[in-house]
Amino acid sequence: MKKIRKLSLFSGFSCLEKMRLRLEGWIIMMTFMCGMPCLVFAQDQRVTIHVTNVDIQVVFKQIKEQANLNFVYNADQLKEMKSVTLNVNNVTVNSVLKTLFDDTPFEYKFEMSSIVIRQKKATSSQVDKNIKKSAMLKGKVVDNRDKKPIPGVTVVVKGTSVGVVTNIDGCFSLMIPDTTEHAELVFSFVGMKSRVIPYSSYRNIGELIVSLEEDLLEMDEVVVTGYTTLSRRETASAVSQVKAEQVMLNSKSSIDQMLIGQIPGMAIIQTSGEPSATPKIRIRGTSSITSSKAPIWVVDGVILEDPVNVDYTQLDGDDAAYLIGNAIAGINPRDIETVTVLKDASATAIYGVQAANGVIVLTTKMGKEGKAQLSYSSSITWNQRVSYGDLYLMNAAERIQVSQEIIDKKITYGRVPTALGYEGLYMRYMNREMTYDEFVGKVKKMAKDNTDWYDILFRNVFNHNHTVNLSGGSRDTRYYTSIGLDQNFGTAKGSDSKRYTALMKLDSKLNESCRLGLSLNGSVRQNGGFHSSVNPNKYAYETSRTIPCYNEDGSLFFYKTRQNSLLSSAEAPKEEIVYNIVHELQQTGSEGKVVELIGQLNFQWRIKYGFMYDFAGSYNYQQSKQDSWATEESNFVALKRKYKKGSLEANSPEENQSEIPVGGIINKSETEKISYMVRNKLSYANQFGEHEISGSFISEIRSTRTKGFSGTYYGWMPERGQSISPMITSGYQKILSGLSPKILDNQVNYVSWAGVLAYTWRNKFTLNGNIRMDGSNKFGENPKYRFLPIWSIAGRYALTEEAFLKKSKVLSLFAIRASYGIQGNVDKSTSPELVIQVGALNTSTRMNESYFEYLPNPDLRWEKTTSYNLGADFSFFNDLIAGTFDFYHKVGVDMIMPKQVSQSMGLDYVKINAGKLNNTGYELDLRFYPIRNTNYSFNVNFIYSYNKNKVVKANGGIDVTNAEKLAGTALIEGKPFGVFYSYRFAGINGETGYPVFYDKDGKDYMEVDGVRYPNYALYEEELALVESGTKDPTSSGSIGLNFRYKNFRLSVNMSYSLGGVDRLPNIYRNEYYSVFDPITNLPKDLKDRWQKPGDEKKTIFPTLYDSRVYKEIRKRSVLNGKVYYATQLYDYTDARVAKTDNLRLRSIGLNYRLPGEITSKLWLQEFSVNFQVTNLFVIKAKEWRGRDPESGDSNIPMPRTYSVGVNVTF
């Protein structure tokens, strides 16, 4: 056995020698790096230590920090050691230990990356006597999840100094004294639950196999904030951290899409099913009124900028901005190690005037000490499209019945319904173009055909992603490199996304005191989508299924639209324009492309006496391009032309009046953004007896230079080499000034100084302090506001470190936290300088017509949020129940607000610091581990977050309109941000079946000459609005269930949101003055509409609108003021508002890991497969009728997905 072990130990050298003879260049270097563990000896590492009269454990800690060595010892026995004084510079670890333990009853031994301290052996006679009463125990320690061996595990006989450390194969041999029948073995390892095993139970077993399970609480001990890395006990901040592998979803391409419900205090709403859609993220509510409300993203300590200066989380999913993505859209989620969310001022103050919305810190993976590992992960996902079976909409037969009723009642249409639906067939029959039998036959065929727009415009698709990474290293050098491909197709035809990523990281120890880190991260993203005039989901939802998409010969069916009647006379086309959605999708579109490269250099120098210097530098290059087009064949361009293609005669007056007689329209924009950062940090950390002190001073310079242009170009001819040749007509000249291309050239600079201080006493009391000052060209020139400090202070008290609780079997951990501080936010869309927009050249003056973009504001400053936080960390019954609770209150002042000014200044509004916004809330993260053993484990995670905000001050000089209240954009003091209002619905009139509304006096009638008439309509000044609520939920969270049986893992995650409301889909849409057009599909709810007196008691849906009847009963004339009709009011009443509360089965995952004994035979280190289902169902208010309350209006609703994935490590 010894020979085999010896051969195994040194076989790497012969292999290395052969490779040296065969390979050249970098291959030799990589091989050498992988073999370094065999060449480095722990005892030869050098350290510098200066301590006076301290406990010997302080020296152990400094050696661990400088040489990355762990100590194994019996703390009770070491109490015999006196305080030590040591002053050594650049000496070996071995010489330090020799100085410490010479002439003491202790000895030391190096075991791999650990140092075992034990009492010296007894005399030879005592040894011989004890051997007769001792027994040798051999065993192996493995991970209970995958049965892989764990090297470096400490194995100690409880109550003695007898102990060993497992080798690289997880094996150990230990001499057990047989003098104590009750001897127990203690197995411990960082990040794993310690186990105590009675020796008597295994004394007759040949080899003991011990499995350790992950300690979920201990694994969270290290908190990475981007600027610092602290242990949990050293921070009093409100911070949540999760491992990326715990939230990984095959169907998602970006980490932000995976975090829904996973972080307390962070609300995420996925508003679109587009593959590249950016979710809406709010950390502890809304912290700004007009500025960005999204958190900042930090990757490996570097702040990432969005490709263009837009807050994408405030945009809907069907906006073209999804083609670009946000700051982390180019980061491969499979390269991420941890996600840390900083929430209170104590955690975010270090980021200065850009962190009031919170900070999300991503830490990417780094290679680990050991042999090179080649890993491959891949998944295939099937996205299931939405169908009419999921929605509560009429089919063709039901829609025909409504049309028959309209005709039977002789209700007037808004236009002559020729060639459309049942009405078109009926007119042809009445015009004797067909017989009755032919008419009946075609109606039956129409009902049977039942056009499935969701089948025509949507698809079930397969998506796939692949990641290959190589990692490894020695004690001194570690490396990680990966490449990835992610290909996603949206369920709507025409939507797709492709991303290529690459990451290379190298971390090397230059000498005993210096380390150097290099990383390079690149990505290319290409996204395709829809023109702003096309929404396939909206079209399929609103278009009648009696309208065919194709003619009987397979050609496209075009129909006349209602655009003439819906547009003003100036905008309406001169002739009826025809439309087909498939043709329009073929003739329009949009695409975006982003290329990004991030380079980073880190240098660390351990000086002396606990001082350390860190340098960090980064360079970020982003180039984004976005095109949106419509050809001359499209309906969009035909509306601009006002004529069908080919109907204009050359050189005719009509042609001269058209703004685009020939060609299409293309919108092009390109942005190039270059950012760099230089950071210097000097830090100090030391321990003086029971006192631990650490601090840092940081200076940072950051700059972002943005260049770009955007423009709209008429006369685009893709068939002629992408040429742009507009015809210079009088109509084109009228709009030319609005088509002037815009050139962007902008630079934002920051210079910052920051300080961090942390103090811990006996692991019991902790104090943290942060301060930062930022200067920027985004601030005004007034020196009073240029360098206002951001600061915070926080404290933590661990009650369970008190003697009276330390041995409690009930309370394992209880610590209270409190923090106070200031957070800041900069409005990137505002300038303190006078900015003039240069316009088009005036043909008369031959000078450019310019206007003010911004007026000067020397007092412009950052928005300030004062934050209070009170929290607790707790654990009961040896971590059976564990969690955190936080309560916070945030007061935002100096919010950027629009202020109305005299038009003589050239602007209607200017932005000033005038608003005030408050947020209050609490968070709970609760974890329950009822079952934990070798073969089984089960745990439940519950996350709950609550937030309530209020606009305290909103610059009362601005008038608030009803339109703003209805849309939820009004700023109303004393109300939540984003609150929207509705007209007050009084019910259905029992005699007429028409809806009735309350006026501002609370009456549902008007009185004329003593006669009361129901309010079927209202004058503008009579309108009454009632508060409906906010679209953002007040509460959100998740429920997670995780079960493990041997190598199988089953996880179920449900997310929920409560407290939000939204409007139901419009019924009347644009049918304000006529009955439903044949084009329009209707919800099945209208089958239960009012038909006869008495129905008003069981329905809120009015009878079919008849303009002739309504004209007689409305009793309000347009001659006396602006009249709002019932059809205009109804869709915006409180009766058409529903709660968006929902419980979503977010994901179900099943994972199986192949046992180690099988993978070793296959020359694999690890092999696992997984199956996942996402968005399986949503429980919501019945009023939504199958429609997703969060993404129902977007281009693509959230799809249901099924995926299978594989992970292989060689």
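Bear in mind that the values in this text are calculations on the coordinates, not laboratory data. Being a predicted model, the structure only gives us computed values, none of them experimental. Cβ coordinates were reconstructed from backbone atoms using ideal geometry, including for glycine residues, and neighbour counts include every protein chain displayed.
In a simple Cβ point-charge model (Lys, Arg +1; Asp, Glu -1; nothing else charged), the chain has a dipole of about 3300 debye relative to its Cα centre. For the range 82-119, applying the loop criterion from DSSP together with a ceiling of 14 other beta carbons within 10 Å to the trypsin sites (Lys or Arg not before Pro) yields 82. In a solvent-free Debye calculation with one equal scatterer on each Cα, what is log10 I(q)/I(0) for the range 446-495 at q = 0.21, 0.24, 0.27, 0.28 Å⁻¹, listed in the order of the q values? Treating every Cα as an identical point scatterer, log10 I(q)/I(0) equals -0.82, -0.91, -0.98, -1.00.
Using a cut-off of 9 Å between beta-carbons, work out the net charge of the residues near residue 625 (Lys and Arg +1, Asp and Glu -1, residue 625 not included). The answer is -1.
Sorted fewest first by neighbouring Cβ atoms within 10 angstrom, 289, 735 come out as 735, 289. Per residue, the Cα convex hull of the range 810-895 amounts to 117 Å³. Rounded to the nearest 10 degrees, the angle from helix 2-22 to the longest Cα principal axis of the chain is 60 degrees.
Find out how many positive minus negative residues lie around residue 708, taking Lys and Arg as positive, Asp and Glu as negative, among other residues whose Cβ is under 10 Å from that of residue 708. Its environment carries a net charge of +1. As an exercise, use a Förster radius of 41 Å and the Cβ-Cβ distance of residue 397 and residue 720 to find the FRET efficiency, rounded to the nearest 0.05. Efficiency for this residue pair is about 0.30.
Over the Cα atoms of the range 231-371, each weighted equally, I'd like the Debye log10 I(q)/I(0) at q = 0.10, 0.15, 0.18, 0.21 Å⁻¹, rounded to two decimals. Each listed q corresponds, in turn, to -0.33, -0.74, -1.07, -1.47.
Rounded to the nearest 0.05, the FRET efficiency derived from the C-beta distance between residue 1009 and residue 1113 at R0 = 22 Å is 0.85.
If you average the alpha carbon positions of the range 445-512 and of the range 793-847, how far apart do those two centres end up, in angstrom? Taking the Cα centre of the range 793-847 as reference, the centre of the range 445-512 is 32 Å away.
Taking 0.692 mPa s as the viscosity and 37 °C as the temperature, the Stokes-Einstein diffusion coefficient of the range 934-1047 based on its alpha-carbon Kirkwood radius rounds to 178 µm²/s. Computed extension gain for residue 690 through residue 940, at 0.36 nm per residue and net of the alpha carbon distance, reaches 86.3 nm. Of the GluC sites (Glu not before Pro) found in the range 646-727, those that fall in a DSSP loop while having at most 15 other beta-carbon atoms within 10 Å are 649, 690. What is the angle, in °, between the Cα long axis of helix 421-430 and the longest principal axis of the Cα atoms in the chain? Nearest 10 is fine, range 0 to 90. Relative to the chain, helix 421-430 is tipped by roughly 20 degrees.
Note on residue 729 and residue 1123: with the Förster distance fixed at 41 Å, the Cβ-Cβ geometry gives a FRET efficiency of about 0.55. As a proxy for reagent exposure, 531, 50 were ordered by neighbouring Cβ count within 10 angstrom, fewest first; the result is 50, 531. For residue 1000, the aspartates and glutamates whose Cα falls under 19 Å of its own Cα, not counting residues fewer than eight places away in the same chain, are 959, 964, 1020, 1021, 1022, 1027, 1131, 1134. Counting beta carbons within 10 Å around each of 1210, 814, 977 and listing the fewest first gives the order 1210, 814, 977.
Put simply, the range 994-1037 fits an ellipsoid with semi-axes of 33, 10, 8 Å; these come from the alpha carbon gyration tensor as the roots of five times its eigenvalues, largest first. Restricting the calculation to Cα atoms, the range 396-449 yields a radius of gyration followed by a Dmax of 10.7, 29 Å. Pairs of Lys residues in the range 732-811 that lie 8 or more places apart, or on two chains, and have C-alpha atoms under 22 angstrom apart add up to 5. What aspartates and glutamates sit close enough to residue 644 to cross-link, taking a C-alpha to C-alpha distance under 15 Å and skipping anything fewer than 8 places away on the same chain? Filter leaves 571, 575, 576, 584, 632, 633, 654, 655, 659. Semi-axes of the equivalent ellipsoid of the range 627-700 are 70, 12, 8 Å, computed as sqrt(5λ) over the eigenvalues of the C-alpha gyration tensor in descending order. Just name one of 211, 345, 988: the one whose Cα is farthest towards the positive end of the charge dipole of the chain (beta-carbon charges, Lys/Arg +1, Asp/Glu -1). The residue sitting farthest along the positive end of the dipole is 211.
Approximating the spin labels as points 7 Å out from Cα along Cα→Cβ, the residue 806-to-residue 852 distance works out to 6.9 nm. Here the relative contact order of the range 797-879, from alpha carbon pairs under 8 Å that lie six or more residues apart, stands at 41 percent. Relative contact order, whole percent, for the range 847-918 stands at 31, derived from Cα pairs under 8 Å and 6 or more residues apart.
State log₁₀ I(q)/I(0) for the range 1066-1165 at q = 0.19, 0.24, 0.25 Å⁻¹ as given by the Debye formula over alpha-carbon point scatterers of equal weight, solvent excluded. These q points yield log10 I(q)/I(0) values of -1.09, -1.40, -1.45. Relative contact order, whole percent, for the chain stands at 11, derived from Cα pairs under 8 Å and 6 or more residues apart.
A cut-off of 5 Å between modelled amide H atoms, ignoring neighbours fewer than 5 places along the same chain, links residue 464 with 381, 487. Taking a Cβ cut-off of under 10 Å around residue 943, the surrounding Lys, Arg, Asp and Glu residues balance to a net charge of -1, with basic ones at +1 and acidic ones at -1. The equivalent ellipsoid of the chain has semi-axes of 65, 34, 31 Å, largest first, where each one is the square root of 5 times an eigenvalue of the Cα gyration tensor.
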